[in-house]
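Input: a single structure, listed below in structure tokens.
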Amino acid sequence: MPDDRVARLLGRLVPEVLDHPLPAPADTAEPLRWLLGAIGDGVTLTQVGYLPSRLVTEAFARYPHWYPIGKGPRSEADLFQLAHLHELARRHRLLTKRHRIVKLSSAGRMHLTDPEVRQNTAVLAWLGTGRAQHQAAEAAACALWPGPLPHDELEDTVHRVLDASLCHADGTPVTRDDTGRLLWQWLHTGRELDYLHRDRGPGQPTALTATGRPAALALLRQLAQAPRGGRETGNSP
């Protein structure tokens, strides 16, 4: 890794990531498990294709930090974390849809009962796609492994990695705004999957949760086994 601090962190993690089996998660990605269980044998989508209001109300009651202002969301469109989980389940074919009825597929039922399978899918979603997202995910997971970090320090670490390894197609460097967007996506996906925790309020640090630590190891294992290159162009964040 180009950033010395992250290189040291990853170097310390490589034996654990590559040489030892990952612990089998007792439970993982609890919000995804909840959504799959709530959909179960079928729910009826709204006319515009959103999850029914009953599930939105249940999600808000279960995860009030998802919507900390006002009286609460009225539809899936108001609760982007639920919308992201719904999209994740569709993208990985955990759901089947006929007319307006959506229910679990055979893969969805397996994810509901098998934490290891569910973690594999959740980690793929957390990792994101493309070199820039992978670099940001790796740097952030390594930086948080020793303990919680304030957001500014976490963003500084991730930005140093991206600035040293990526640039835009026209050769211009990665900006702090680019880093912020990539990190925002990783942080919010991690919180939606219950892999990251951050108390509300300015200056509060972000930390890996109990299920986030084994998920971070799984994420780093995937990246450690992937081929690496030098500084790349054409990987616009």
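The values are calculated or read from the model by the stated rules, or taken from the named source; none is laboratory data. Predicted model, so just to flag it, every value in this text is computed and none were measured. Cβ sites come from the backbone with ideal geometry, for glycine too, and all protein chains shown count toward neighbours. SASA here: full protein model, heavy atoms, side chains in, ligands and nucleic acids out. Shrake-Rupley method; radii C 1.70, N 1.55, O 1.52, S 1.80 Å.
Need the C-alpha centroid separation for segment 101-167 versus segment 51-90, integer Å.
Measuring centre to centre over Cα atoms gives 21 Å.
How long are the semi-axes of the equivalent ellipsoid of segment 22-180, taking √(5λ) for every eigenvalue λ of the Cα gyration tensor, in whole Å from largest down?
So the three semi-axes of segment 22-180 are 33, 19, 17 Å.
Run the numbers on segment 18-167 and let me know its relative contact order in percent, using alpha-carbon pairs under 8 Å that are six or more apart.
Reported relative contact order: 23 percent.
Can you tell me what the convex hull of the Cα atoms of segment 87-237 projects to on average, as an area in nm²?
Over every viewing direction, the Cα hull of segment 87-237 projects on average to 10.8 nm².
What ranking, highest mean first, results for peptides 125-136, 104-115 when packing means the other Cβ atoms within 10 Å averaged over each residue?
Listed from highest to lowest mean packing, they are 125-136, 104-115.
Carbon and sulfur atoms: what percent of the 1.4 Å accessible area of segment 111-191 do they account for?
Heavy-atom surface of segment 111-191 belonging to carbon and sulfur, 1.4 Å probe: 53 percent.
When a/c is below 1.5 the answer is rounded, else prolate if a/b is larger than b/c, else oblate, so apply that to segment 37-77 with a ≥ b ≥ c taken from the square roots of the Cα gyration tensor eigenvalues.
It comes out oblate by the Cα gyration axes.
ARG90 to HIS65: FRET efficiency via 1/(1 + (r/R0)^6), r the Cβ-Cβ distance, R0 30 Å, to the nearest 0.05?
It comes out at approximately 0.80.
Please report the equivalent ellipsoid semi-axes of segment 108-169, computed as sqrt(5 x eigenvalue) of the Cα gyration tensor, largest first, in whole Å.
Calculated on Cα positions only, the semi-axes equal 28, 16, 7 Å.
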